[in-house]
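So the structure is just underneath, and the comments pick up after that.
The values are calculated or read from the model by the stated rules, or taken from the named source; none is laboratory data. Just so it is clear, the structure is predicted and the values come from calculations on it, not from any experiment. We place every Cβ from the backbone using ideal geometry, glycine too, and count neighbours over all the protein chains shown. Quick note on the areas: whole protein, heavy atoms, side chains included, nothing else; ligands and nucleic acids left out. Shrake-Rupley method; radii C 1.70, N 1.55, O 1.52, S 1.80 Å.
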Amino acid sequence: MSRVAIVTGAARGIGAATVDALVNDGYRVVAVDRCRDIPDIPYAMATPADLDAVVARHGDHVLGLVGDVRSKSDMELAVDTATRHFGRLDAVVAAAGVIGGGTTLWNTSDAVFDAVMSVNVLGTRRLIDAAVPTLLANGRYGRIVAVASAASQLGLRHLAAYSAAKHAVVGLVRGVAMDLAETSVTANAVSPGSTATAMLDASARLYELSSTDAFAAQQPMARLLQPSEVAATISWLCSPLSSGITGANIAVDGGMTAT
């Protein structure tokens, strides 16, 4: 029987690539995305058409669901949808995230700070809270993966809120991994470097850059990562091959944090 996953932030970028990778690995997926803009976040979120395009690539292997990761009831609905529609739940991937700032911390508004922290950190918690009872009930298999960032290990100029949020995501995952250490459920983080996504385009605008080329120069590999490269690691962490790994923060960052 095919395994089943929930992926948040699934309408574009790393989330959409993760849906593709999981389906290619035999998963069926509930693809969740807010599909509307967030006040105080200075760039456009994915749209319903973006989510529809992800679903259309995979037919009945993927079910799209509009939901906000910060909502307890929306994440509970995602779990219920997975178990009702596909009959089980084996893995969850918290890929939803936003970036904000572009100025010093003391000039960052409370509204922007709260939005960055709530989507990245609270959103990860909401998905884990909703999923763990079902994953534990399986009694045999479960995977939790959260998308953090190279910013979880670095201080980034004018992105203190984002760096703090991604540090928190890693800490959250490591704590959950210890809570689950004697079970069959593992919990890990993946920390991408500069990846060719709409979020990176937004980062360029925050830094008043004309393109994302400058970000490529920050990575020893001297190029931007593709979402599919990050998704491949996430999909592997959702597989039986990763059974010995929990509480890890795996860098997929072109060497950025190795320097």
- From the list L156, L135, L127, L105, pick out the single residue that is open to solvent by less than 10 Å² (accessible area, probe 1.4 Å) and either within 17 Å of the chain's Cα centre (by Cα) or at pLDDT below 95 (or both). L127
- Query: Out of (1) outside any helix (DSSP H, G or I); (2) small (G, A, S); (3) under 18 Å from A17 (Cβ atoms), what's the single condition that is false for A181?
  - Reply: (3)
- Where in the range 1-102 are there strands (runs of 3 or more DSSP E), lying fully within it, with 1 or more residues that are in contact (Cβ under 8 Å) with a residue 60 or more places away in the chain? 4-8, 28-33, 91-94
- Could you tell me which numbered condition A151 fails, if it satisfies all but one of (1) open to solvent by 10 Å² or more (accessible area, probe 1.4 Å); (2) modelled with pLDDT under 95; (3) over 27 Å from S73 (Cβ atoms)? (1)
- Within the range 223-252, work out how many residues are free of Cβ contacts under 8 Å to residues at least 24 places away in the same chain and either over 29 Å from D25 (Cβ atoms) or in a loop (DSSP other than H, G, I, E, B) (or both). 1
- Message: Would you confirm whether or not the range 244-251 contains a residue that is more than 20 Å from G15 (Cβ to Cβ), buried (at least 21 other Cβ atoms within 10 Å of the Cβ) and more than 14 Å from the chain's Cα centre (by Cα)?
- Response: yes
